[in-house]
1. Given Cα pairs under 8 Å that are at least 6 residues apart, what percent is the relative contact order of chain A?
2. Check B:I210: other-chain or 5+ apart residues with amide H under 5 Å from its amide H, H built from backbone geometry?
3. Tell me the chymotrypsin sites (Phe, Trp or Tyr not before Pro) within region B:132-232 that lie in a loop according to DSSP and have at most 13 other beta-carbon atoms within 10 Å.
4. Rg and Dmax of the protein assembly as shown, using alpha carbons, in Å: what are they?
5. Looking at chain A, which Cys residues are left with no other cysteine's beta carbon under 4.7 Å from theirs?
6. Using 1/(1 + (r/R0)^6) with R0 = 35 angstrom and r between the beta carbons of A:W340 and A:Q310, what's the FRET efficiency to the nearest 0.05?
7. First check a/c for region B:93-251, with a ≥ b ≥ c the square roots of the eigenvalues of its C-alpha gyration tensor; if it is under 1.5, answer rounded, and if not, answer prolate when a/b is larger than b/c or oblate otherwise.
8. Between B:S245 and B:W190, what is the FRET efficiency for a Förster distance of 45 Å, r being their Cβ-Cβ separation, to the nearest 0.05?
Amino acid sequence: MSGAVLHRRLFPRRAGGVPLLNAAISLAVIGGGVWAAIAFFRWGILDATWSGGAEACRAHGGACWAFVRANFKLMVFATYPSEMLWRPELGTVLILALMIASMVPRLWGKTLLAGWVLVPLADCLLLSGFPGPRLMSTNEWGGLPLTLLIWALAYASAFPVALVLALARRSKLGGVKTLATGVIELVRAMPMVVVLYVSSLIVPMALPFAEVNLFLSIEVALSLFIASYLAEVIRAGLQALPAGQDEAARALGLSYWQTTLLVVLPQALRNVIPPLVNLGIGILLSTPLVGFVGMIDFLTAVRLAAAQEQIWPGCYGEAYCFAGAIYFALCFASSRYSRWLERRIRPGAG
Amino acid sequence: MDGEGRKEASFFDQKRRLPSPRGDTPLARLQRWWGGNGLLQILLLGGMLALLAFLGANIAQSMHRLGMAPDLGYLWRPAAFDISESLIPYQAGDLYARAILVGLLNTAKLAFFGCLLATLLGVSLGVLRLAGNPLLARLIEAYVEIVRNTPLTLQLFFWIALTHALPPVRQALQPLPGVFLSIRGVFLPWPAIEAGRLMLSWPVLHGFNIGGGVSLTPEFAAMLAGLTVYYSASISETVRSGIESVHAGQWEAARALGLARGRIVRLIVLPQAMRVITPLMTSSYLDLTKDTTLGILIGFTEVTAVIKTSANNTGNAVETILVLLAVFLSISLPVSWLINLYNQRLARRGVIAR
């Protein structure tokens with residue numbers, strides 16, 4: 001039912017009182033909005049400093065966008081060498097292109113799937129400086145390219161694990177089912193900070209022969225962490241599928257795997273794409289936590305830039321506005337898209 | 001609808017009580033649970049155990065190489081560090097176990113007040129968004145979108161930067177009577193027992209100090225503000241979707257029966273909306289509790305921070321991790337078990353799909 005109908009039901013208009021209250025609320029909202037808009041406009045535009053140094057900023061008193069301009073490279077690419085910047089730039093463009101391509105229903109298919117495997121790997125190669133004169137170790141990667149790479153790599157590698165976990169949790173075999181349920185519930189019980197902290201300590205100890213660096217430990221942990229949430233999303237899609245689909249396929253003589261791969265999964269996955277997008281947003285928003293175990297992701301780089309108190313005192317507001325705007329642009333667009341898709345898949349819902 | 005539902009429920013209950021054709025001895029039940037395909041399952045479980053044993057052996061070997069001995073006894077040795085805020089008396093030199101308890105109590109305090117305030121704010125926002133004023137609804141929508149589409153970490157950094165930008169105690173801001181904001185923290189009125197009577201104790205500014213009331217450290221205040229704002233957005237969406245999930249026919253039917261508005265909400269709408277709201281709200285509470293661990297990023301000493309410091313000081317990293325896992329498993333598993341139980345009960349009544 002529409003919101004308007006509901007409003008009238010929750011708060012039916014009685015003579016006199018409510019319209020007046022309503023008008024007062026409207027006025028207050030408009031007044032507050034205008035006041036906030038003016039204050040932000042003055043700080044962010046009128047009194048702002050767009051170029052120059054910290055002295056120019058202090059003279060004006062408003063926002064110091066000169067800080068963002070001067071530290072743009074540091075915030076977006078961290079300490080990656082200038083002469084090799086085309087590598088993280090290209091990698092970022094590739095991942096953004098992958099994100100956009102994934103949003104076009106016409107492109108959903110094997111090619112896109114291949115893209116999800118190849119693009120993160122290609123991005124790894126790009127950032128590592130291979131092939132080239134100078135190889136970059138993973139702890140020299142940083143900034144927005146690193147955030148996007150961690151996101152894409154973890155999400156892509158979590159998917160097959162999640163598929164297996166989801167199918168196993170719905171299995172009729174008790175041992176398989178209990179094992180999958182146990183893994184999913186154990187991982188979901190942990191906060192992400194704890195998972196990252198534990199993995200940064202335990203993974204190198206558990207695999208002493210392999211040269212496990214921090215980046216790899218984090219990717220392994222994030223992949224397992226995301227998989228347990230992803231498995232629950234996929235399970236919901238499997239549960240929502242009418243039992244007739246499964247029964248009809250079995251009646252035609254298809255085996256369990258044929259039924260699952262050809263009939264059940266394609267439909268179930270298509271139905272859960274909106275929650276998959278939402279999960280992707282959630283993961284992107286929690287990537288800053290990798291800063292806690294020592295990776296220089298985008299938000300950490302922004303924070304480091306803002307912490308140059310000697311050169312740029314008190315620029316936290318500007319730095320966080322800049323970072324917030326970028327996260328917001330990525331996530332808001334995606335969440336609008338997921339809502340649009342939801343309506344397309346299920347007309348009448350949401 | 002209601003009568004129908006009840007009939008269906010009793011039908012299902014009846015069906016559950018019928019003995020299954022294969023008998024209901026424990027052995028039969030075990031067989032049903034096991035399913036079949038024995039070889040594959042045994043191989044899988046065995047493989048999993050072997051993997052765990054392999055990783056465990058590696059960890060033990062690595063510990064041995066690094067000169068660490070597995071030992072939980074460190075919990076009963078004195079800890080050398082101080083903790084900035086504590087609900088129970090604590091000082092450097094007390095046992096590690098007590099230090100961890102202090103961290104746990106800080107986590108619990110933050111989670112409790114966070115859930116409380118987020119619920120108050122979230123429910124108000126969710127209801128106000130449906131209250132018929134389009135401007136107010138858009139404003140709340142903008143709030144929800146901004147809060148939900150930026151990282152919680154970023155918001156916490158913002159809040160802690162804000163508390164660090166507050167004036168010193170002498171020039172403390174006083175946005176409301178009895179509320180002081182200063183760089184040393186937030187001071188609020190708080191109930192206290194004075195001379196046997198329950199009174200509200202007000203903070204009073206004298207010189208360089210504020211006495212009376214309750215004081216929140218800047219870190220706690222920033223965490224509380226951040227978690228409250230972040231989770232109020234998701235709770236308001238939960239409340240809204242819960243109320244909107246009740247079909248319009250329910251309102252109309254109740255009005256046709258001549259029920260008053262308050263009774264419609266209380267007897268018809270809320271009970272149905274709660275079926276949607278309860279599981280979502282519970283998982284929000286669980287997520288909030290897990291996100292108290294972000295306190296470690298801005299210097300709030302919750303349980304993870306204490307355990308990490310202990311691990312650094314003692315070198316007993318693996319054992320401290322076991323303690324950490326135990327803490328969060330014992331918080332999360334009972335709650336998700338309760339959510340499952342609730343959903344199963346609704347499913348049995350035929351309210352949602354099995």
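A short reminder: the numbers here are calculations on the coordinates, not readings from a lab. Just so it is clear, the model here is predicted, and its values are computed rather than measured. Glycine also receives a Cβ, built like all others from the backbone with ideal geometry; neighbour counts cover every protein chain displayed.
1. 18
2. none
3. For chymotrypsin sites (Phe, Trp or Tyr not before Pro) across region B:132-232 that sit outside H, G, I, E and B with at most 13 neighbouring Cβ atoms in 10 Å, the list reads B:F208.
4. 27.9, 86
5. A:C124, A:C315, A:C321, A:C331 - these cysteines have no disulfide-compatible partner (Cβ-Cβ under 4.7 Å) in chain A.
6. Plugging the Cβ-Cβ distance into 1/(1 + (r/R0)^6) gives 0.15.
7. prolate
8. Plugging the Cβ-Cβ distance into 1/(1 + (r/R0)^6) gives 0.70.
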